[in-house]
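Structure first, commentary second.
Just so you know, all these numbers are worked out from the coordinates, no wet-lab data involved. Note that this is a predicted model, so its numbers are computed, not measured. Cβ: placed from backbone, ideal geometry, glycine included. Neighbour counts: every protein chain shown.
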Amino acid sequence: MHTAYVTHPSCLMHNMGSGHPESPLRLRAIDDRLHAAHLFDFLAHREAPPATREQLLRVHDATYIDAIEAASPSEGFHALDPDTGMNPHTLDAALHAAGGAVMAVDLVLRGEVNNAFVACRPPGHHATRNRAMGFCLFNNVAVAAAHALEQHGLERVAIVDFDVHHGNGTEDIFGDEPRVMLCSTFQHPFYPHCGADTVSEHIVNVPLPAGTSGAAYREAFSTRILPRLQAFRPQMLFCSAGFDGHREDEMAQFGLVEADYVWITEQVMDLAARHAEGRIVSVLEGGYDLSALGRSVAAHVKALAAL
């Protein structure tokens, strides 16, 4: 199998309440669309293990991990902030989401698959070293990237964050880590209201206005991100794969469609083929219109799987 598909049943149990956009229905929509598009059986399915404390400690403070564990309710609901909360299954889901991203790294670097898509939740790219926010508890893609560096000895990895929101948590974690290049495109001004002023050799933030079309997005990506990635020559690429920039997603105001996500995927795959032996791990972030999310993920995975 060319592409691994990593998930875990616990990720369907995390629920932040009726009407919350980051719901279990997101994973069901993806699963349904992969079946409808006849892609499901072409993927190498793996069940995510929980992340270990050692893996989490590479990107999160010990006191923060302890606080999240202590906040886990035995019943009911515990709010961490106005947008982010825990039910009795959330901690288990968050550990498996981070652990799934780690498993994906191992699968790819062992050569068992060319690339992987991690269909787990809660998402991660807003989680900072010591704060949960924006629906995120543990920074899954950061845990995965740190694992590639520390466990597998890679010297340069890159994260392409195409969620409509800035990957502020990932920037917080890797802001002083030159082995990691973060490239984040995002609507600005918009939540989490940061990133536009960052100046760094290895943090490439590309704020874009509301109403950005697919053509304008591709132009910005081509001129402002691709040259920096080419010069960096990453040995492995990660995607913080958010699909909330879709024109049907009312959480934001971008105008992307499935073809744009295929184009982004193809650019990442070309870079990976040039510099990283094709090695890619893509980790689900946002995307809240269920139909658009399912279609966009299916298009992304189909491109990854070269189907």
Counted charge near Ala146, where neighbours are those whose Cβ lies closer than 15 Å (Asp, Glu -1; Lys, Arg +1): -4
Relative contact order for the stretch 59-103, counting Cα pairs under 8 Å that sit 6 or more residues apart, in percent: 27 percent
Dimensionless Rg/Rh of the stretch 213-307 - Kirkwood Rh, Rg from C-alpha atoms: 0.97
Modelled FRET efficiency - R0 41 Å, Phe77 with Gln151, Cβ distances, 0.05 increments: 0.70
Relative contact order computed over the stretch 221-275 (Cα-Cα under 8 Å; 6+ residues apart), in percent: 36 percent
Residue order, fewest to most beta carbons within 10 Å, for Tyr217, Tyr191: Tyr191, Tyr217
Helical segments meeting 24 Å axial Cα length and Kyte-Doolittle 1.6 threshold in the chain (DSSP H): none
The stretch 222-307, dipole about Cα centre (Lys/Arg Cβ +1, Asp/Glu Cβ -1), debye to the nearest 20: 480 debye
Residues His193 and Asp32, FRET efficiency given R0 of 25 Å [Cβ-Cβ distance, rounded to 0.05]: 0.15
Highest-MSF residue in the chain out of Ala101, Ala231, Ala44 [GNM, Cα springs under 10 Å]: Ala231
Percent of beta bridges antiparallel (DSSP, the stretch 3-304, rounded to nearest 5): 10 percent
9 Å beta-carbon shell around Cys183, net charge (K/R +1, D/E -1): +1
Residue exposure sequence - Phe186, Phe77 - by fewest surrounding Cβ within 10 Å: Phe77, Phe186
Most positive-pole-ward Cα, Pro73, Ala292, Ala231, against dipole of the chain from beta carbon charges: Ala231
Percent of alpha-carbon pairs separated by more than 33 Å within the chain: 13 percent
Mean separation of Cα contacts under 8 Å, 6 or more apart, over the residue count of the stretch 3-304: relative contact order %: 20 percent
Charge dipole magnitude, Cβ of K and R +1, D and E -1 - the chain, Cα centre, debye nearest 20: 620 debye
Net charge, Glu112 excluded, C-beta distance under 14 Å - Lys, Arg +1, Asp, Glu -1: +1
